[in-house]
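Throughout, read-outs are computed from the coordinates displayed, never taken from laboratory work. As the structure is a computational prediction, the values presented were derived from the model and not from experiment. Glycine also receives a Cβ, built like all others from the backbone with ideal geometry; neighbour counts cover every protein chain displayed.
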Amino acid sequence: MSTRKEKFPVTPATRWLQTQGMAFDGHLYPYQERGGTAHSAQSLGVDEHQVIKTLIMENEHRQPLIVLMHGDRQVSTKELARLLGVKTIAPCDPAVASKHSGYLVGGTSPFGVRKAMPVYLESSILDLPLIYLNGGKRGFLISLPPAEVQRLLQPTLVNVAIEE
């Protein structure tokens, strides 16, 4: 249920949020290949630190997981692997990530994913009043309070950010 009057895409993410009774605001912007969070933040006039990347990663056994990270930070895969007690964590190949999530890379949302995966949230995200996450389509972000993301996804909180 978007609280705006503008017409937004209907995606598995927006449908899932509606089934949870979660209101959110939608934000369309011109998608740019390899533009990343810097481009979306600039297009929307928001701080890139508030734009949260949804990263599909996997361990050495090819078990997928979701990491939610500030747009202006990288994930320390070594630290995450250490925390999870596995040898390695690495980003999934884009085709594999799409297979797990049901979304195209660049449009991956943590909501309404095809395959249930554990979710890891950089803990400092909870310090922000409002965050912007992908709404399940390239060029479409949704905004909501991080406490709602925590309530809905029940992520494991981690401290694995590296400044870019």
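R0 = 35 Å: FRET efficiency of Thr88 with Leu130, Cβ-based, nearest 0.05? Efficiency for this residue pair is about 0.55.
Amide H to amide H distances under 5 Å link Ile131 with Leu144, where only residues 5 or more positions off or on other chains count and H is placed in the peptide plane. Stretching the chain fully between Arg151 and Asp47 yields a gain of 35.1 nm (0.36 nm per residue, less the alpha carbon separation). Within straight-line reach of Lys53, meaning a Cα separation under 22 Å, sit the following lysines at least 8 residues removed in sequence or on another chain: Lys78, Lys99, Lys115, Lys137.
Tell me the label only: which of [x] 69, 39, 28; [y] 45, 37, 33; [z] 48, 31, 30 is Cα extents along the principal axes in Å as calculated from this structure? Entry [z].
Take each of the peptides 149-156, 35-42, average the number of other beta-carbon atoms within 10 Å over its residues, and list them starting from the highest. Provide the component values of the computation, followed by the final result.
On the way: 149-156: 15.8, 35-42: 18.4.
Result, highest mean first: 35-42, 149-156.
Per residue, the chain reaches -7000 deg cm²/dmol at 222 nm when only DSSP H runs of four or more residues are counted, each adding -39500 (n - 2.57). Looking at the chain as a GNM with Cα springs under 10 Å, which of Arg62, Arg114, Arg34 has the largest mean-square fluctuation? Residue with maximal mean-square fluctuation among Arg62, Arg114, Arg34: Arg34. Net charge around Ala97, counting only other residues with Cβ within less than 15 Å of its Cβ (Lys, Arg = +1; Asp, Glu = -1)? Here the charged neighbours net out to +4. Amide H contacts under 5 Å for Val160: Ser123, restricted to partners 5 or more places along the chain or on a different chain, H placed in the peptide plane at 1.01 Å from N.
Please identify every one of the GluC sites (Glu not before Pro) in region 23-110 that sits in a loop by DSSP and has no more than 12 other beta carbons within 10 Å of its own beta carbon.
Numbers: sites: Glu33, Glu48, Glu58, Glu60, Glu79; in loops: Glu33, Glu60.
Those that pass, being in a loop and sparsely packed, are Glu33, Glu60.
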